[in-house]
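Data block below; observations after.
Throughout, read-outs are computed from the coordinates displayed, never taken from laboratory work. Remember, it's a predicted structure, so these values are computed and weren't measured experimentally. Neighbour counts are summed over all protein chains in view; Cβ atoms, including those assigned to glycine, are modelled from backbone coordinates with ideal geometry.
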Amino acid sequence: MSEVRYSIKIASERSGVSSHLIRMWEKRYGALSPDRTETNRRLYSDENVERLSLLFSCTQEGHRIGNIASLPTETLRQLAQENAEIKESARESAPPTSANEESLPPAVRPAFKAIDSMDVDELRKALDEASVELGYQGMLTKVVIPLMQHIGRLWCEGELTAAYEHFASAALRTYLLGHVQSYSASRNAPVLITVTPAGQLHEFGAVVSAAAANSAGWHVIHLGPSLPASEIAGAAIRSEANMVALSLVHPPDDPDLPAQLRMLRRLLPSKVGIIVGGRSSESYRRTLQEIQAQTVTDMDQFYETLNASRRHGPLESNRGRQEKTLGHANG
């Protein structure tokens, strides 16, 4: 009986690795060599899918794909097991969740409790109440962002499992994008594309940007994670977007990203501005300056940039931001 083979779409679904990333790992790092049909379509075995899952797990734990792509599958299994044992040991010696909760601002605690209980309804209730008390923008800046930063730290330190981090990201994504989709901006509202470029798989920063821009009166089109420059530009042109907002979180050292950013600027109409945030933005600072992207470091600056774009237009705002950025770098 012949072994079952899967399409790249099915292999992606089973391994948790995007189709784009699978192709990149094959082409750039030789991480695996799937069979091919007569028409050159990839076919993946169960062993291929397992290898993809292991590679993804190890990269999530901080291993660089370039360092592990050539390792035998058995070695990857051992590495994944060691990572799991280290995290389990850290969890056993970690303080209880209640101790972690005490370090949070009071406004964040109800949402954190809901995530600790994996209770979607309680999380929604906590965020709704925060919106009433703090306003929608206050809920984003004083609850959602500190909450995800706290959860990210706990996960990195082994005090929360990946399941809790994934639950929090998925539940918050659904909540925030639900507001974006249900809110109808005015017909004359400026249009913003939110997305992460190819290879950038962490979407949450783009989701928060979408929710923030929507609350500021923009018509938001959220494209999700890891899209090539040509597809981002195509969506921006078809929707007559005023700006494209990119989130750069991980990895901070993708050798292909600068070329993608330059291509995006080249393909976009000159009147369309680019705004960039995320903890890896500084790693690509030279390229961002080259393409005259506006970089932001927090939500206040993001709102300020959106407001400036509405008042003066993206190109004028781009030039002003570029002069400030270069002046800061040279000062």
Checklist entry - Label GLU85 and SER270 with points 7 Å out from Cα along Cα→Cβ: what is the distance between them in nm? => result 6.2 nm
Checklist outcome for this item: Taking R0 as 30 Å and r as the Cβ-Cβ distance between ARG41 and GLU61, the FRET efficiency 1/(1 + (r/R0)^6), rounded to the nearest 0.05, comes to 0.40
Checklist entry - When you count, for each residue, the other Cβ atoms within 10 Å and take the mean per peptide, how do 33-45, 186-198, 144-156 rank with the highest first? => result 186-198, 144-156, 33-45
Next on the checklist: Below 8 Å between Cα atoms, with a sequence gap of 6+, how large is the relative contact order for segment 186-330 in percent?
Outcome noted: 23 percent
Checklist entry - Full extension from SER33 to SER70: what is 0.36 nm times the residue separation minus their Cα-Cα distance, to one decimal in nm? => result 12.2 nm
Checklist entry - Between GLU13 and SER230, what is the label-to-label distance in nm when each label sits 7 Å out along the Cα-to-Cβ direction? => result 2.6 nm
Item to check | Rel. contact order, % - alpha carbon contacts under 8 angstrom, at least six apart, segment 171-213 | outcome: 52 percent
Next on the checklist: Given Cβ point charges of +1 (Lys, Arg) and -1 (Asp, Glu) and nothing else, what value in debye, to the nearest 20, does the dipole of the chain about its Cα centre take?
Outcome noted: 1580 debye
Checklist entry - Lysine pairs in the chain with alpha-carbon atoms under 27 Å apart, 8 or more places apart or on different chains: how many are there? => result 6
Item to check | Antiparallel DSSP beta bridges within the chain, as percent of all bridges there, nearest 5 | outcome: 15 percent
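Give the calculated FRET efficiency between ARG5 and HIS166 to the nearest 0.05, with a Förster radius of 22 Å applied to their Cβ-Cβ distance.
0.20
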Checklist entry - When the helices in the chain are scored as -39500 (n - 2.57) per DSSP H run of 4 or longer and the sum is shared across all residues, what 222 nm value do you end up with, to the nearest 500 deg cm²/dmol? => result -18000 deg cm²/dmol
Item to check | Sequence-separation-based contact order of the chain, relative, with Cα cut under 8 Å and 6+ spacing, percent | outcome: 10 percent
Item to check | Neighbourhood net charge (15 Å Cβ-Cβ; Lys/Arg +1, Asp/Glu -1) for ALA233 | outcome: +3
